[in-house]
1. Considering only the range 40-55, how many residues are closer than 13 Å to Gly15 by Cα and touching an Asp or Glu at 6+ places or on another chain (Cβ under 9 Å)?
2. Could you tell me which numbered condition Thr139 fails, if it satisfies all but one of (1) touching a strand residue (DSSP E or B) at 6+ places or on another chain (Cβ under 8 Å); (2) surrounded by fewer than 17 Cβ atoms within 10 Å (Cβ to Cβ); (3) outside any helix (DSSP H, G or I)?
3. Please specify each residue of the range 296-347 satisfying the condition of being aliphatic (A, V, I, L, M) and either loosely packed, with under 14 Cβ neighbours inside 10 Å or assigned to a strand (DSSP E or B) (or both).
4. Tell me, which residue of the range 153-164 that is of a type outside the set (S, T, N, Q) and in contact with a helix residue (DSSP H, G or I) (Cβ under 9 Å, 6 or more places away or on another chain) is farthest from Ile130 (Cα to Cα)?
5. Filter the range 131-150 down to residues that are out of contact with any Phe, Trp or Tyr (no Cβ under 7 Å at 6 or more places or on another chain) and over 16 Å from Ser170 (Cα atoms), then give me how many there are.
6. Among the numbered conditions (1) of a type outside the set (Ser, Thr, Tyr); (2) closer than 21 Å to Val365 by Cα; (3) modelled with pLDDT under 85; (4) within 29 Å of the chain's Cα centre (by Cα), tell me where Val233 comes up short.
7. Which of the residues that make up the range 348-366 are in a strand (DSSP E or B) and either at positive phi or in contact (Cβ under 8 Å) with a residue 12 or more places away in the chain (or both)?
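The values are calculated or read from the model by the stated rules, or taken from the named source; none is laboratory data. Keep in mind the model is a prediction, meaning the values are calculated, not measured. Here Cβ is always computed from backbone atoms with ideal geometry, including for glycine, and neighbour counts include all displayed protein chains.
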Amino acid sequence: MQISGATASGKVDQGVVDKALSALEEAGIPVKSSNVVGNSGAIRFHDGDAQLIAKDLVKSTLGDDYVVALNLASTMPDWLASFGASPMNLGLDLRGGVHFLLEVDMEKALEPRITGFIEEIRSGLRKEGIRYRSAKRETTGGIAIKFTDPAEQLKANAWIRKNFRKFIISVDEGSSEQFIRLKLTDSALKEIQDYAITQNLTALRNRVNELGVAEPIVQRQGVDRIVVELPGVQDTAEAKRILGRTASLEFRLEDTKGDLEAAINGRVSSRSELFPFKGDDSRPVLTVKKVIVTGERVVNARSGFDENSRPQVNITLDGRGGKLMNRATRDNVGQRMAVIFIEHKERTIVKKVDGSFVSKKERFVEKYAINVATIQSALGHSFRITGLDSVLEAKELALLLRAGALAAPMYFVEERTIGPSLGKENIESGLMSVVLGFVMVMVFMVAFYRLFGVFANAALLMNVLLIVAVMSLIPGATLTLPGIAGIVLTVGMAVDANVLIFSRIKEELSNGLSPQEAIRSGYDRAFVTILDANITTLIVAFILFAVGTGPVKGFAVTLSVGILCSVFTAIVGTRSLVNLVYGGRAVEKLSIGYKAAK
């Protein structure tokens, strides 16, 4: 279990780890060892069950200032690492890694769209000269427009039905108040949900790419969930922090007309909003509610340094965002603008009920100002954010903005590591399948082809070694459970080439050729058939690699490498062994399982 700060600049010392250890000891959860490396701490457990139980308890103990994530750490000895050795790249099903199941908050995804529809309705009704009392969002997710004049309600009903076909519209007539209620159709609701999932998938893939994970899996599951699998990830705390954060920004003008002292005491006007300043509660910021631009308009973000060598983030907006920013800052030179960071979080509360621990998750929104600066001149598409605590924080903020804004907040529904149980079982099963296939093929070859079968078995062993060697040399190549299936398949295909050659040699011997001539003819004439058979399989492997994802690509890679290695070992390897035994001398009989082989 890895413990790190909730922000990039957060640090974990021995005191934090000791606090977690005390909570675990009090709960009776055994711990194997603990240590602090760099800015994070690690606690090792004897098994995965203890690890899962301890996670929620430690998270509840340490609070929201720390990220507690499940992890798998390598146990490779230092003496082996000193030789430059490193583990082979294995997929999530073999090496282990982290599996996240995230749930997209569809209610939050609907809110901005409904708000946008309400603004359109208000603007349209004013433009048409139709008087209404109010237009607001209902708790059920629909829109309610209130009228006092039935004639105005009638005109509004005709206009709304013409311009808002995505809604089911109902008219509610009363004695003193009339309403028009709008509810999204199922198709419109599905369209918004699909957009939210698609946007979040794109943002997550960009963030995973920034993490540099080999063969990750990011895919939709069901209506509102996304599966993320990161094989071989060691710093799962960083992955969890970056994947789960919404990193939504809002640029707002400071409210110079508002009463800051009154707002601090709880009396905030309807046109203003009060935000704490990051890391300093004594410096609250009062801003106007109207947002200039949001993080959705950011097309690029890079961390760097200002003229005083302090960390900053250079931001580039899209065309629409640049125009809005220019218009707002052009008219407010000399005033201050605040950058508001908005983050949807989830906290775990653990209570002991009847001797067992019960965990409950609470969701909340955290908003604070990360920068307040005076507008010196009109801004455009490009500007910078300063006032960040560290280079790490600047890099993380730039990464999240560059990866793209989330259409809706996401929460971790499930988190688990694969390795101690499933990964170990998969490795054992995979190795057992390779060994069984290898042994059965060896017995078959020796029984049918005698000494030539021994040659084939030696080439088969060389083939497997070559596959592993080549796989370890290919940058980014990952061995998965389907990849092991590809190795088992190539074991059979490798001897298939030898069977063709040996059968051809037997046929030439039966035609009366001498042993030496039969060997030469068998290898020469079988070559074309072997080449044709393997090329067709290789084409299929290339197609699998081109269109497949994740484990399918792993299977295609091992299959392709296995085909090339099997052709080499069958033609060059066994031929070398045959020449070593039978070459350079007169031979009267071949040990190839053919009685008349003289």
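1. Number of matching residues: 2.
2. Every listed condition holds for Thr139 apart from (1).
3. If the condition is that a residue be aliphatic (A, V, I, L, M) and either loosely packed, with under 14 Cβ neighbours inside 10 Å or assigned to a strand (DSSP E or B) (or both), then Val298, Val299, Ala301, Val313, Ile315, Leu317, Val333, Met337, Ala338, Val339, Ile340, Ile342 are the ones that fit.
4. Restricting attention to the range 153-164, the residues satisfying the condition of being of a type outside the set (S, T, N, Q) are 154-156, 158-162, 164.
Next, from what is left, pick out any that are in contact with a helix residue (DSSP H, G or I) (Cβ under 9 Å, 6 or more places away or on another chain): 155-156, 159-160, 164.
Working: Lys155: 7, Ala156: 7, Trp159: 10, Ile160: 11, Phe164: 16 Å.
The selected residue is Phe164.
5. Selection size over the range 131-150: 5.
6. Status for Val233: all satisfied but (2).
7. Answer for the range 348-366, where residues must be in a strand (DSSP E or B) and either at positive phi or in contact (Cβ under 8 Å) with a residue 12 or more places away in the chain (or both): Thr348, Ile349, Val350, Phe357, Ser359, Lys360, Lys361, Glu362, Arg363, Phe364, Val365, Glu366.
So that you can scan it fast, the table gives a plain yes or no per residue for (1) in contact (Cβ under 8 Å) with a residue 60 or more places away in the chain; (2) buried (at least 19 other Cβ atoms within 10 Å of the Cβ); (3) assigned to a helix (DSSP H, G or I); (4) not aliphatic (A, V, I, L, M):
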position: Gln516; (1), (2), (3), (4): yes, no, yes, yes
position: Ala526; (1), (2), (3), (4): no, yes, yes, no
position: Asp532; (1), (2), (3), (4): no, no, yes, yes
position: Ala541; (1), (2), (3), (4): no, yes, yes, no
position: Lys553; (1), (2), (3), (4): yes, yes, yes, yes
position: Ser560; (1), (2), (3), (4): no, yes, yes, yes
position: Val578; (1), (2), (3), (4): yes, yes, yes, no
position: Gly584; (1), (2), (3), (4): no, no, no, yes
